[in-house]
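Engineer: Next up is a structure, given as structure tokens.
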Amino acid sequence: MKFEARDVDLYYGSKQALKKINMDIEEKEVTALIGPSGCGKSTFLKILNRLHDLNPNVRIEGDVKLDGKDIFAEMDPIEVRRRVGMVFQSPNPFAKSIYNNVAYGLKLAGIKNKTELDDRVKKALEDAALWDEVKDRLNSSALGMSGGQQQRLCIARALAPGPEVLLMDEPTSALDPISTSKIEDLCHSLKQHYTIVIVTHNMQQALRVSDKTAFFLLGEVIEMNETQELFSNPKEAQTSKYITGRFG
């Protein structure tokens with residue numbers, strides 16, 4: 001088991017946003033989190049690499065373990081974020097060259113050797129299915145790329161430091177169908193080497209890319225199962241209503 005969450009509650013000040021979340025996330029699988037807006041999907045995702053540490057108003061109770069180690073009690077946030085990369089909803093490349101976007105985290109980690117940087121930048125761009133498109137313009141600004149290329153660049157940037165887990169928060173919501181398809185294809189190839197957790201509003205996307213799906217509603221996990229089983233034979237009435245479009 002890559003991640004284990006047990007009885008996780010999260011509060012923004014006095015407001016409870018997540019209630020008793022229990023979830024197992026398997027290694028080298030794609031786990032999709034679905035549910036209506038504001039139901040807690042992205043809030044839960046950010047727990048997994050301790051992004052909430054940056055908000056003093058947030059309080060988290062319960063246990064979250066990565067490879068059996070408590071991410072709060074036994075790991076510092078820098079180690080967690082090195083092992084758990086994140087890609088956000090809108091592409092957010094730095095105003096730097098394509099090369100320096102990908103090398104950024106490596107340089108931050110103290111890697112100065114040019115050959116090693118070159119090799120790892122190339123591998124990350126290959127893993128993100130971007131190398132062939134950008135290999136002749138690595139010194140060009142990342143801001144001149146298309147939206148879909150920028151999002152794949154952000155995936156490459158997240159992969160460069162060598163994480164074990166990739167979190168993706170609605171990574172295709174700002175993209176056109178062709179760019180969306182490329183990111184979905186990427187999910188299939190990346191899970192050979194990485195554990196992926198993806199938040200999506202698009203239920204067809206969850207069906208296409210994920211091995212397991214968790215349905216969130218009002219801060220709770222209503223149901224989690226193998227994706228095909230959850231969509232074809234939901235156990236809970238609320239799940240059935242959501243996936244058939246009767247609410248949400």
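What follows draws every value from the coordinates through simple rules; no lab data is involved. What you are looking at is a predicted structure, and each value in this text was computed from that prediction instead of being measured. Virtual Cβ from ideal backbone geometry, glycine too; neighbours counted across all protein chains shown.
Engineer: Can you run phi through the Karplus equation (6.51, -1.76, 1.60; θ = phi - 60°) for segment 11-23 and list ³J(HN,Hα) in whole Hz, with x for Gly and Pro?
Structural biologist: 10, 9, x, 8, 8, 7, 9, 10, 10, 6, 7, 10, 7
Engineer: Taking the 0 to 90 degree range and rounding to the nearest ten, how far is the long axis of helix 114-127 tilted relative to the main principal axis of the chain, both from C-alpha atoms?
Structural biologist: 50 degrees
Engineer: Suppose R0 equals 25 Å; then what is the FRET efficiency for residue 119 and residue 94 from their Cβ-Cβ distance, rounded to the nearest 0.05?
Structural biologist: Details: r = 21 Å, r/R0 = 0.84.
For R0 = 25 Å, the calculated efficiency reads 0.75.
Engineer: For the chain, give me the percentage of DSSP beta bridges that are antiparallel, rounded to the nearest 5 percent. Intermediate values should be presented prior to the final figure.
Structural biologist: On the way: 24 of 41 bridges.
So the antiparallel bridges in the chain amount to around 60 percent.
Engineer: Given contacts defined as C-alpha pairs under 8 Å and at least six residues apart, what's the relative contact order of segment 1-151, whole-number percent?
Structural biologist: The normalised contact order for segment 1-151 reaches 22 percent.
Engineer: Another one. With labels modelled as points extended 7 Å from the Cα through the Cβ direction, what inter-label distance (nm, one decimal) is found for residue 22 paired with residue 236?
Structural biologist: The answer from the label model is 1.2 nm.
Engineer: Can you bin segment 134-194 into rounded, prolate or oblate? Criterion: square roots of the alpha carbon gyration tensor eigenvalues sorted a ≥ b ≥ c, rounded for a/c under 1.5, prolate for a/b above b/c, oblate for the rest.
Structural biologist: Oblate is the answer for segment 134-194, as a/c is 1.5 or above yet b/c matches or exceeds a/b.
Engineer: Using mean Cβ contacts within 10 Å as the protection proxy, how do 166-174, 93-101, 141-149 order, highest first?
Structural biologist: Numbers: 166-174: 22.2, 93-101: 18.7, 141-149: 17.0.
Per-residue Cβ counts within 10 Å, averaged per peptide and sorted highest first, yield 166-174, 93-101, 141-149.
Engineer: Sticking with this one: Considering only DSSP beta bridges with both partners in segment 141-248, what is the antiparallel share in %, to the nearest 5?
Structural biologist: Given both bridge residues lie in segment 141-248, the antiparallel proportion sits at roughly 55 percent.
Engineer: Kindly provide the helix-only [θ] at 222 nm of the chain, computed as the sum of -39,500 (n - 2.57) over DSSP H runs of four or more divided by all residues, to the nearest 500 deg cm²/dmol?
Structural biologist: -10000 deg cm²/dmol
Engineer: Among 80-89, 60-69, what's the highest-first ranking by average C-beta atoms within 10 angstrom per residue?
Structural biologist: Top to bottom by mean Cβ count within 10 Å: 80-89, 60-69.
Engineer: Using r as the Cβ-Cβ distance of residue 15 and residue 133, and R0 as 41 Å, what FRET efficiency do you calculate, to the nearest 0.05?
Structural biologist: According to the calculation, E is roughly 0.40.
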